[in-house]
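I have placed the structure first, in the form of structure tokens, so that the comments after it can refer back to it.
The values are calculated or read from the model by the stated rules, or taken from the named source; none is laboratory data. Just so we're clear, the structure is a prediction, and the values are computed from it rather than from any experiment. Here the Cβ positions follow ideal geometry from the backbone for every residue, glycine too, while neighbour counts run over all protein chains shown.
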Amino acid sequence: MIPALFADINKTFWFPEQASTFAKQIDFMYDAILWISIIFFVPIVIAMIYFMVKFRERPGYRGSTEALHNTTLEITWSVVPTFIVVWIFWEGTVGYLKMQTLPPDTEDIKVTAKKWNWNFKYKNGAENPELHLPVGRDVKIIMRSDDVLHSFFIPAFRVKRDVVPGRYTYMWFQPTVEGTFDLFCSEYCGDNHSLMNAKVFVHDDEGYAKFLTEAIKEPDDIVERGKWLYERKACKGCHYAGTEGAQGPGPSYNGSWGKPVPLAAGGERLFDENYVSDSILNPILQARKGYETAAAMPSYKGQLKEEQIDAIAAYIKSLESATPPKK
Amino acid sequence: MSVVTKPVTMPAPSKEAGTEDNYLTHSSGFLSWALTLDHKRIGVMYLACIMSAFALGGCLAMMIRLHLWNPNLDPSQAWLTNKQYNQVFTLHGAVMVFLFIIPSIPAALGNFLLPIMLGSKDVAFPRLNLGSFYLWVCGACFFLFSIFATGLDTGWTFYTPYSIESQGPIVAATMGVFVLGFSSIFTGLNFIVTINTMRPPGMTWFRMPLFLWAVYSTSIIQVLATPVLGITMLLLAAERVLGIGIFDAKLNGDPVAFQHFFWFYSHPAVYIMILPAMGIISELMSVHSHKGIFGYRMIAYSSVAIALFGFLVWGHHMFTAGMADVTAIVFSALTFTVSIPSAIKVFNWVGTMYKGTVSLNTPMLYALAFIFLFTIGGLTGLFLGALSMDMHLHDTYFVVAHFHYVMMGGTLVAFLGGLFHWWPKMTGKMFNDFWGIVSAAIVFVGFNLTFLPQFVLGTRGMPRRYASYQLEFQDLHRLSTIGALMLGMGLLVAGLTLLHSLFYGKKAPRNPWGGATLEWECSSPPPHDNFSSAPAVGDPYEFGNIEYDSKTGGYIKKK
């Protein structure tokens, strides 16, 4: 356990790898405040323990009962910390303003957060559930939420910003290292908050360009296209697919195709193309029994084209024929 | 107030009176408790209810930690489903904040001690006091029912718009909080009036025990800030029921406005929680060092300073929420101002021990543990107040660890210290000091083991409120869970030590610790009317004339 506590060789005890231009300044800030804290904390504890031992109650010893008061000392320990916190405030503010001031000429990426998926849209129109970035370029992130509050957090970059419904929020950073990093949602957003993660891939310019040209292509095969949409249109956050019996916040895609399913409003409906289409366009009327208290699914009317809905239906159907029937 | 001036005829306090009248035996029967106007009985009833809430919140904390023993990357294999986990942490936070920490010290210990420390018979409005208690009970029932009935899962912060669209019983829960808020306001009002009007002759503001300064400052916050919480909760309920469009972006509302409203109360509420704890520590450090408090005036002023600054810093909960840069910078600057009065207090407490006679008993060890833990809690606040640093640490386990160091390492540990300190006064029984010390040691070690790893989890990027986590975080999570189990054990030992004393404890002397404040001048437990005649008021931190008396096992004041 102990070696694991010290994590990988390229990380420090406290932090993940420094992978953006901000990381250095923030880690410096952390070390500085840590040392300031230690310089305060250690003498306090030493004094406390020393007084505990030295002045402990014991036979034959009687300390003074007089209340002490020492103006010089009191002014010193009020004024000195004041200067120190002013410095901390100043450094923090300078660093913050640097993070808030957008540089000119950025690579813009649009982020849509939706329970419990991230969707990234690049300048050429490509969409992807993972974040791909060019190394050494200033990247501007333009964020919006389709439902509740989320927060965009990449620990390796030391950046975080809430994604607020009803407005755009922005952030920028410059990745400095190629590699794969974690992106977390860090503002509580309901059932699968802790699964609202994505991977961040930082490429060199060539790799990034290659990614962009590939990501724009919708797969030709209808089933593949359904899966492609499933991953990009925030279906995946609630409806699990391919994991037999797994219970998500919404009904699983497995195990229902071609069978009658019970509805919350009473009665049953055959799970076919029609049901899938109606569920996507008018979800509340199709709510399944047992999911009455689940967060309501938003309608996708206007967001998905007919052929895209067909593709999703084909994908759901394919899951059934692929998995052998269970006993 | 007539209650003070009316001398109550009482049998002259006899030396060792086992038959002496006290508030516990003054009358009996269920109604004599349920309808009592006696502040001491109300305090004891609060204590019992609050400790039940604490036990409930503690069990929920254990569930959280046990669930996080494994990374739960496959939710179908996890002990709790994600939804259940969310409900558990919501319940843990809400119960601990609204039912335990906020009322803990003011309502339980404050109610019991405030009038006695003032040498008076009761608070200014005894009926209002009983009313506050029943409002608490009513709010608690409302709240618990609504949470247990269908599962509230918004987090204790009720952030919009999730709380608008969540299927949980939000309206019922907000009404519970609303009612609890009134309980808090009435208690605060009562204490303010009592301290303003019922101080005995001779007790000027600067001869008041520091605990009362702290309770007074707390009461001001309760009266001024809690109504805003009430308003916020009503607006939230109205948003859900009527769709008025103030917080919901779909109706052109602003979700961030809710955060402003919410933290305008909930940040001062942090000081509602910590200020009384600081008051307890001031008493404990001085009494158990048998020495006047270092820098009395600075401690008193810093309580008021914290109460006032506390109103101006709520924005530091929202640095990443999308406020304007100027707003964020101003809030960051104001946040740092709070650190200074807190630092002054810590220095003063440590300075109090210097050249004193330090008794290392249970209450004192809890007080020393408080200083250690609260200092860590305060210093880690410096990281979070610095804007650029907060961009990384916000909403991670670093924050979780930070506020547990302040709320639990601070308020809870001080509350336990105070409970041990005044237990002999409240119950008339001495507890077993050895087991008390053992409990303090286990709590101290367990606490650090639980929350120190969480700082590291936070800097490494583990977000809070996560039902599952990546494998790299597992070791630290496991350390934390082991610590939590230990902490639970320590608290159990503390509880059992106190319960044991009720049945087998020695009779407590009038002044077991050598305190100089007025509560040590009436018998243990105090008689129904507290004092037969108004006690003489002296310096609350003058220990020169207090001597140990081996006959009673307590201390007596030499005239």
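Could you tell me which residue of the range A:133-175 is nearest to A:Glu187 (Cα to Cα), considering only residues that are more than 9 Å from chain B (Cβ to nearest Cβ) and part of a loop (DSSP other than H, G, I, E, B)? Top of the filtered list is A:Asp146.
Among the residues of this structure, B:Tyr134 does not count as one that is of a type in the set (Phe, Trp, Tyr) and within 14 Å of chain A (Cβ to nearest Cβ). Counting the residues of the range A:214-251 that are modelled with pLDDT of 85 or more and polar (S, T, N, Q) gives 0. In contact with a strand residue (DSSP E or B) (Cβ under 7 Å, 6 or more places away or on another chain), among the small types (Gly, Ala, Ser) and at pLDDT 90 or above: does that describe A:Ala209? No.
Out of curiosity, is B:Leu234 more than 24 Å from B:Met408 (Cβ to Cβ), more than 14 Å from every other protein chain (Cβ to nearest Cβ), over 24 Å from the mean Cα position of the chain (by Cα) and in a helix (DSSP H, G or I)? It is true that B:Leu234 is more than 24 Å from B:Met408 (Cβ to Cβ), more than 14 Å from every other protein chain (Cβ to nearest Cβ), over 24 Å from the mean Cα position of the chain (by Cα) and in a helix (DSSP H, G or I).
Scanning the range B:449-475 for residues that are more than 7 Å from chain A (Cβ to nearest Cβ), assigned to a helix (DSSP H, G or I) and touching a helix residue (DSSP H, G or I) at 6+ places or on another chain (Cβ under 7 Å) returns B:Leu449, B:Thr450, B:Phe451, B:Pro453, B:Gln454, B:Phe455, B:Leu457, B:Gly458, B:Phe473. Whether a residue is within 18 Å of the chain's Cα centre (by Cα), within 14 Å of chain B (Cβ to nearest Cβ), touching a residue at least 12 places away in the same chain (Cβ under 8 Å) and surrounded by fewer than 16 Cβ atoms within 10 Å (Cβ to Cβ) was assessed, and A:Lys199 passes this test. With the structure loaded, tell me whether B:Thr197 is farther than 30 Å from B:Pro363 by Cβ, hydroxyl-bearing (Ser, Thr, Tyr) and surrounded by fewer than 24 Cβ atoms within 10 Å (Cβ to Cβ) or whether it fails that test. Against the criterion (farther than 30 Å from B:Pro363 by Cβ, hydroxyl-bearing (Ser, Thr, Tyr) and surrounded by fewer than 24 Cβ atoms within 10 Å (Cβ to Cβ)), B:Thr197 qualifies.
Looking only at residues in the range A:102-123 that are of a type in the set (Lys, Arg) and assigned to a loop (DSSP other than H, G, I, E, B), the one that is nearest to A:Lys199 (Cα to Cα) is A:Lys115.
Looking at the range B:363-378, can you tell me whether even one residue there is under 30 Å from B:His316 (Cα atoms), more than 19 Å from the chain's Cα centre (by Cα), polar (S, T, N, Q) and at the interface with another protein chain (Cβ under 9 Å from one of its Cβ atoms)? Within the range B:363-378 (the criterion being under 30 Å from B:His316 (Cα atoms), more than 19 Å from the chain's Cα centre (by Cα), polar (S, T, N, Q) and at the interface with another protein chain (Cβ under 9 Å from one of its Cβ atoms)), the answer is no, since none of the residues qualifies. Considering the range A:115-163, the residues that are under 19 Å from A:Lys210 (Cα atoms) and aromatic (Phe, Trp, Tyr) include one that is surrounded by the fewest Cβ atoms within 10 Å (Cβ to Cβ), namely A:Tyr122. Of all residues being within 13 Å of another protein chain (Cβ to nearest Cβ) and closer than 18 Å to B:Ile482 by Cβ in the range B:426-448, which is surrounded by the fewest Cβ atoms within 10 Å (Cβ to Cβ)? Just the residue, please. Checking each candidate, the answer is B:Asn448.
Can you tell me which residue within the range A:5-38, out of those that are of a type outside the set (Asp, Glu) and loosely packed, with under 12 Cβ neighbours inside 10 Å, is modelled with the lowest pLDDT? Result: A:Ile9. Close contacts from the range B:295-316, counting a first residue that is crowded, with 24+ Cβ neighbours inside 10 Å and a second that is acidic (Asp, Glu), with Cβ to Cβ under 7 Å and a gap of 6+ residues or different chains, come to B:Gly295/A:Glu74.
Here A:Ile88 passes the criteria (1) surrounded by 17 or more Cβ atoms within 10 Å (Cβ to Cβ); (2) within 14 Å of chain B (Cβ to nearest Cβ); (3) in contact with a strand residue (DSSP E or B) (Cβ under 9 Å, 6 or more places away or on another chain) except the one numbered (3). For the range A:200-208, the criterion of a residue being of a type outside the set (Ser, Thr, Tyr) and within 27 Å of B:Gly245 (Cβ to Cβ) is satisfied by no position.
For the range A:273-312, taking the residues that are touching a Gly at 6+ places or on another chain (Cβ under 7 Å) and modelled with pLDDT of 85 or more, the one that is surrounded by the fewest Cβ atoms within 10 Å (Cβ to Cβ) is identified as A:Ala311.
Restricting the range B:335-348 to residues that are more than 12 Å from B:Leu382 (Cα to Cα) and touching a Ser or Thr at 6+ places or on another chain (Cβ under 7 Å), the residue that is farthest from the other protein chains (Cβ to nearest Cβ) is B:Lys345.
If you go through the range B:476-508 and keep only what is of a type in the set (A, V, I, L, M, F, W, C), assigned to a helix (DSSP H, G or I) and within 23 Å of B:Trp423 (Cβ to Cβ), you end up with B:Leu487, B:Met489, B:Leu491, B:Leu492, B:Val493, B:Ala494, B:Leu496, B:Leu498, B:Leu499, B:Leu502, B:Phe503. Within the range B:349-362, the set of residues being at the interface with chain A (Cβ under 7 Å from one of its Cβ atoms) and among the hydroxyl-bearing types (Ser, Thr, Tyr) comprises B:Tyr354, B:Thr357, B:Ser359. When the test is whether a residue is of a type in the set (A, V, I, L, M) and more than 23 Å from A:Val159 (Cα to Cα), B:Met430 passes it.
Screening A:Glu66 with (1) more than 7 Å from chain B (Cβ to nearest Cβ); (2) free of Cβ contacts under 8 Å to residues at least 12 places away in the same chain; (3) not hydrophobic (A, V, I, L, M, F, W, C) gives one miss only, at (1). When the residues of the range B:352-364 are narrowed to those that are surrounded by fewer than 24 Cβ atoms within 10 Å (Cβ to Cβ) and not basic (Lys, Arg), which ends up nearest to B:Trp435 (Cα to Cα)? Among those that are surrounded by fewer than 24 Cβ atoms within 10 Å (Cβ to Cβ) and not basic (Lys, Arg), it is B:Asn361.
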